[in-house]
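S.K.: I'd like to ask some things about the structure below.
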Amino acid sequence: MKKAAGIRTAMRSLVMGAAGAAALFTSSGGSAALAQEVNVYSYRQPYLVEPLFAKFTEQTGVKVNVVFAEKGLDERIVAEGENSPADVILTTDIARLTGIVEKGITQPVEAPALEENIPAGYRDPDNHWFGLTVRSRVVYASKERVAEGEVTTYEALTDEKWKGRICVRSGTNNYNIALLSSMIAHHGEQAAKDWLIGIKENLARKPQGNDRAQIKAVAQGECDIAIGNTYYYAVMLNDPEQRPAAEAVRMVFPNQSGDGPAGRGAHVNLSGMAMAKHAPHRDNAEKLMLFLVSDEAQHIYAEVNNEYPVKPGVAWSEMVKGWGEFKADPLPLSEIARHRRRAIEIVNETGFND
Ligand code: FE
């Protein structure tokens with residue numbers, strides 16, 4: 001692929017996004033090829049990625065310029081076209097990882113170290129996206145009103161004993177779409193739809209709020225079962241204000257035992273990275289990507305956000321260790337992505353959010 005060799009004017013003004021800061025990065029305009037730097041467009045928050053970039057710069061001397069935003073980075077890269085200064089894109093969720101590939105703003109990276117450090121199910125078979133951290137979407141059950149071992153599978157949440165007792169965020173939220181996609185992959189479209197109808201019938205209230213709001217609703221007695229991602233539980237436990245709510249629930253990894261789907265493992269999702277299609281600092285971008293799957297970087301991810309390192313063998317944080325080992329659904333994330341469209345249709349067909 002031929003790269004534009006001209007001066008990349010856009011490189012001179014990477015504006016901080018969501019953070020709202022008016023900081024401008026300046027590069028040594030015109031000599032981009034000589035500058036030891038790499039430009040990251042990040043949907044992940046500063047507190048999480050800044051410690052990683054500091055280490056990377058310390059080790060390599062390569063400066064990391066970051067644009068942070070909660071949304072709109074894809075569109076921005078599309079608009080910037082061949083002149084985009086973006087080298088590496090960091091984002092969460094399989095939907096967003098495959099979304100940037102579908103928008104044509106990524107390029108494949110062939111690097112043995114990426115393949116060695118990231119299990120096959122956690123990266124794109126075509127090498128456009130790579131997982132960095134793993135999170136599970138689990139059940140949170142009221143310690144008071146749900147007995148230990150009373151809920152063991154996603155499937156059993158449709159049992160009529162849970163009528164009016166389940167809280168969950170919007171069905172079209174990416175995390176829930178991925179979970180429903182996994183149900184399609186394991187059970188087929190019709191069974192997945194029936195499952196969602198069953199969940200809807202058991203809801204305590206209309207889907208609303210974020211994952212933490214569901215746990216809080218359990219703590220307040222509005223429902224007895226919530227569905228949410230693992231790291232939010234850590235966030236709540238670490239915050240004196242939210243800690244009591246977190247302590248009112250028990251984390252349950254579903255589908256841990258039994259034959260067939262019952263024992264397939266808890267659903268997991270990813271945060272990850274991709275190299276931008278027109279990356280002006282391709283070598284440094286690859287260097288950074290390799291660093292992010294190193295033991296050191298993976299350990300920082302584990303500590304700072306209480307996620308599971310994608311690289312096997314890297315220690316979990318103390319808090320995460322305390323939740324115990326669990327079996328993760330081995331379904332490749334690329335397979336989950338394949339069912340996304342149908343999953344969204346099913347949510348709409350069932351009127352899940354209404
Ligand atoms: Fe999240």
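The values are calculated or read from the model by the stated rules, or taken from the named source; none is laboratory data. None of the values given here were measured: they were computed from a predicted structure. Note: ideal-geometry Cβ built from the backbone for every residue, glycine included; neighbour counts use all protein chains shown. Side chains are part of the model used for accessible areas, which takes the heavy atoms of the whole protein and leaves out ligands, DNA and RNA. Shrake-Rupley method; radii C 1.70, N 1.55, O 1.52, S 1.80 Å.
S.K.: Around Gln59, under 10 Å between beta carbons, what's the net of Lys plus Arg minus Asp minus Glu among the other residues?
M.R.: Numbers: positive: Lys55, Lys287; negative: Glu58, Glu296.
Value of the local net charge: 0.
S.K.: Can you compute the modelled spin-label distance between Asp283 and Lys161, with each label point 7 Å from Cα toward Cβ, in nm?
M.R.: For the pair Asp283/Lys161, the computed spacing is 6.3 nm.
S.K.: Right, next: Using Cα-only point scatterers and the Debye equation, what is log10 of I(q)/I(0) for region 42-188 at each q in 0.09, 0.13, 0.17 Å⁻¹, rounded to two decimals?
M.R.: -0.43, -0.80, -1.14
S.K.: Can you tell me the convex hull volume per residue for the chain, based on C-alpha atoms, in Å³ to the nearest whole number? Don't skip to the answer; put the middle values down first.
M.R.: Working: hull volume 49.2 nm³, N = 354.
Dividing the Cα hull volume of the chain by its residues yields 139 Å³.
S.K.: Further question: Which GluC sites (Glu not before Pro) does region 217-287 hold that lie in a coil by DSSP with at most 16 other beta carbons within 10 Å?
M.R.: On the way: sites: Glu222, Glu241, Glu247, Glu286; in loops: Glu222, Glu241.
Of the GluC sites (Glu not before Pro), the ones in loops of region 217-287 whose Cβ has at most 16 other Cβ atoms within 10 Å are Glu222, Glu241.
S.K.: Turning to a different aspect of this structure: Answer rounded, prolate or oblate for region 220-289, using the Cα gyration tensor with square roots of eigenvalues a ≥ b ≥ c: rounded when a/c is under 1.5, else prolate when a/b is larger than b/c, else oblate. Working shown, then result.
M.R.: Values: a/c = 3.86, a/b = 1.65, b/c = 2.34.
Cα axes put region 220-289 in the oblate bin.
S.K.: For the chain, what does the relative contact order come out to in percent, with C-alpha contacts under 8 Å and a separation of six or more?
M.R.: Values: 684 pairs, mean separation 89.2, N = 354.
Normalised by residue count, the contact order of the chain is 25 percent.
S.K.: Which loop-located trypsin sites (Lys or Arg not before Pro) does region 148-180 contain, where loop means any DSSP state but H, G, I, E or B and the Cβ has at most 13 other Cβ atoms within 10 Å?
M.R.: Lys163
S.K.: Under 18 Å from a point 7 Å along the Cα-to-Cβ line of Glu70: which residues of region 127-156 have their amide N that close?
M.R.: none
S.K.: Heavy atoms only, 1.4 Å probe, whole protein assembly: order Tyr301, Tyr175 by accessible area, highest first. Before the final figure, lay out the partial values.
M.R.: Values: Tyr301 0, Tyr175 30 Å².
Result of the area sort, largest leading: Tyr175, Tyr301.
S.K.: Okay, moving on. Okay, helix-only estimate at 222 nm for the chain: each DSSP H run of n ≥ 4 adds -39500 (n - 2.57), divide by all residues, round to 500 deg cm²/dmol; what do you get?
M.R.: -10500 deg cm²/dmol, from helical runs alone.
S.K.: Oh, and also: Give me the extension gain from Ala111 to Lys327: residue separation times 0.36 nm, minus the current Cα-Cα distance, reported in nm with one decimal.
M.R.: Values: separation 216, 0.36 × 216 = 77.76 nm, distance 2.81 nm.
Extra length from Ala111 to Lys327 when fully extended: 74.9 nm.
S.K.: Angle, helix 46-60 long axis vs. longest principal axis of the chain, Cα atoms, 0 to 90°, nearest 10?
M.R.: 40 degrees
S.K.: Measure off 7 Å from each Cα along the Cα-to-Cβ vector at Leu237 and Ile197, then give the distance between these two points in nanometres to one decimal.
M.R.: The answer from the label model is 3.9 nm.
S.K.: Now, a different point. Leaving out ligands and nucleic acids, and using a 1.4 Å probe, what accessible area per residue does region 128-198 come to in Å²? Don't jump to the answer; show the numbers that get you there.
M.R.: Working: 2500 Å² over 71 residues.
Solvent-accessible surface per residue comes out at 35 Å².
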